[in-house]
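S.K.: Mind looking over this structure? Questions follow.
Rule-based calculations on the coordinates, nothing more; no lab input. All figures in this text were calculated on a predicted structure; none of them were measured in a lab. No Cβ is skipped: glycine too gets one built from the backbone with ideal geometry, and neighbour counts run over all protein chains shown.
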Amino acid sequence: MEGTTAYNGKEKGGSGHNREARSNQYLRCLYTNARSMGNKQEELELLTNKYNYDIIGITETWWDGTHDWNIGMEGYGLLRKDSQGKKGGGVALYIKNVHTWTEVEMNVGDSCVESLWVKLKGVKNEGDIMLGVYYRPPSQVEEVDEAFFKQLTKLSKAQDLVVMGDFNYPDICWETNTARHRLSNKFLDCIGDNFLFQKVEKATRGEAVLDLVLTNREELVENLKVEDSIGDSDHEIIEFMILRKGRRETSTIEVMDFRKADFDKLRELVGKVPWEARLKGKTTEESWKYFKGTLLRAQKQTIPLCRKDRKYGKRPAWLNKEILHDFKIKKESYKKWKLGQLTKDEYRQTTRECRGKIRKAKAQNEIKLATGIKGNKKTFYKYIKSKRKTKDRVGPLLSEEGEAVTGNLEMAEMLNDFFVSVFTEKSGGVPNVVNTSRERVSLEDRIHNKLKITWES
């Protein structure tokens, strides 16, 4: 399809490495209208670690450039589209890195419609799945509605299509497929004309069904649940499965589980070896083989093996039993609030306490990483890199005439012209380097010194 960008492997969307054990029979999905992810990112990470979602769709992210360092999640690619020139809005898709996917950029309404589309590559001989997330503001004009309908009409021709989002049609009765307002009826006509099925039956905000899951194959979406909320959002979470054919693949790859290793026993076994006597008279090659064999035997006794594809992946360092317990209490409080056993203020207080403990645990983990940077650079920079796994859409750009430019080709030409205008030819001579006696200070030393000053003050 025209206007697509492919991501796989270590680049963006995730690799198609099927050696990782996972079920090809379904995709576990979560959707929510967050009404600002600014104070809910930690809880989303907790949910993701606990339930191991393949796809996460979010509307009303309220993100802008200031959030770039706090929205990446390890193990997931992120595609986002922030609202331009207004507060609120914004859509995002997190896709687990074991999947290969392609961003689909639409030629119709791409700049005005708050939607994202990706094509998820099918496994083995199966067809691809088209996934979308969409947000319709309550005050959206009819022209933008029409642009989205054209997108939906074009993509509904795909073999498998699933669209999730906040469509904001509170007057539609989904039992009878009727509505009071003209714009709502036009949306129903679009669904009918494209033979789409709407799967959400329970209210998602108050008494209204605002958040929907649409598909062109009724059996494609199963086990849909509407329950709980992220943070204190007034929209409920939707969980569902996208069914796929295929057998469950199992991994034969085993790795060392260092978390369960007995390092004291390992030191004891290695320390008992009379190395000088054992290596005396041996060549370098013979010494290496003896050392390697001895170490591997000790390793086998003290470090257990585990399958590479652990069910829920590696748990973040900040996620401890206390936080999991508090999160369980938060979920129970939500159920009690829905049953009228707790007031909304009491539920919000529980939510705030849970959020506060998560933030404190994450902050303590980040301080630990920063203060230990001189002795463990790899872990520090791995954490920083995980926070930069985001994709920012370019544009729109402002031309010299003051007009907004949104087309990919036009924006590329503008950036090229700007590069040419500031590019300078190489000068003939080599610049003189002024000697300085200032001592070079590494980045790690600057971070360590800054933290030391902060704590001492």
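S.K.: Could you give the length gained on full extension between residue 126 and residue 329, defined as 0.36 nm per residue of separation minus the Cα-Cα distance, in nm?
M.R.: 68.9 nm
S.K.: Once you've got the Cα coordinates, tell me which of 321/368; 344/385; 86/202; 360/382; 300/374; 260/292 are over 29 Å apart.
M.R.: 344/385; 86/202; 300/374
S.K.: Near the amide H of residue 128, under 5 Å away, which other amide H atoms are found, from residues 5 or more places off or on another chain, if H is placed in the peptide plane?
M.R.: 122
S.K.: Calculate, in nm to one decimal, what residue 64 and residue 222 gain on full extension: separation in residues at 0.36 nm each, minus their alpha carbon distance.
M.R.: Extra length from residue 64 to residue 222 when fully extended: 53.5 nm.
S.K.: Could I ask something else about it? As an exercise, use a Förster radius of 60 Å and the Cβ-Cβ distance of residue 283 and residue 257 to find the FRET efficiency, rounded to the nearest 0.05.
M.R.: Efficiency, rounded to the nearest 0.05: 0.95.
S.K.: Mind listing the phi-derived Karplus ³J(HN,Hα) values for the stretch 322-336, rounded to whole Hz, using 6.51, -1.76 and 1.60 with θ = phi - 60°, and x for any glycine or proline?
M.R.: With the stated coefficients, the stretch 322-336 comes to 4, 5, 4, 5, 5, 5, 5, 5, 4, 5, 5, 5, 4, 4, 5 Hz.
S.K.: Let me ask another. Using the Cα gyration tensor of the stretch 4-243, with a ≥ b ≥ c the square roots of its eigenvalues, what is the shape: rounded (a/c below 1.5), prolate (a/b larger than b/c) or oblate (neither)?
M.R.: rounded
S.K.: Through the Karplus equation 6.51 cos²θ - 1.76 cosθ + 1.60, θ set to phi - 60°, convert the phi angles of the stretch 363-369 into ³J(HN,Hα) values in whole Hz; use x for Gly and Pro.
M.R.: Karplus values, whole Hz, x for Gly and Pro: 5, 5, 5, 5, 5, 4, 5.
S.K.: Label the stretch 254-307 by shape, choosing from rounded, prolate and oblate, from the square roots a ≥ b ≥ c of the eigenvalues of the Cα gyration tensor; if a/c is under 1.5 it is rounded, and otherwise prolate applies when a/b is larger than b/c, oblate when it is not.
M.R.: It is oblate, given that a/c is not under 1.5 and a/b is not larger than b/c.
S.K.: On to the next question. Which residues' amide hydrogens lie under 5 Å from the amide hydrogen of residue 33, considering only partners 5 or more residues apart or on another chain, with H built in the peptide plane?
M.R.: 59
S.K.: While we're here: Compute the FRET efficiency between residue 417 and residue 84 as 1/(1 + (r/R0)^6), taking r as their Cβ-Cβ distance and R0 = 30 Å, and round to the nearest 0.05.
M.R.: 0.85
S.K.: May I ask you to derive the relative contact order of the stretch 254-307, considering only C-alpha pairs under 8 Å and at least 6 residues apart, and to give it as an integer percent?
M.R.: Result for the stretch 254-307 is 75 percent.
S.K.: If you plug each phi of the stretch 54-67 into the Karplus form 6.51 cos²θ - 1.76 cosθ + 1.60 with θ = phi - 60°, what whole-Hz ³J(HN,Hα) values come out, in order, with x for Gly and Pro?
M.R.: Residue by residue, the stretch 54-67 yields 8, 10, 10, x, 9, 10, 6, 6, 6, 7, 9, x, 6, 9 Hz.
S.K.: Please give the peptides 59-69, 295-305 ranked by average Cβ packing (other Cβ atoms within 10 Å per residue), highest first, as a rough proxy for protection.
M.R.: 59-69, 295-305
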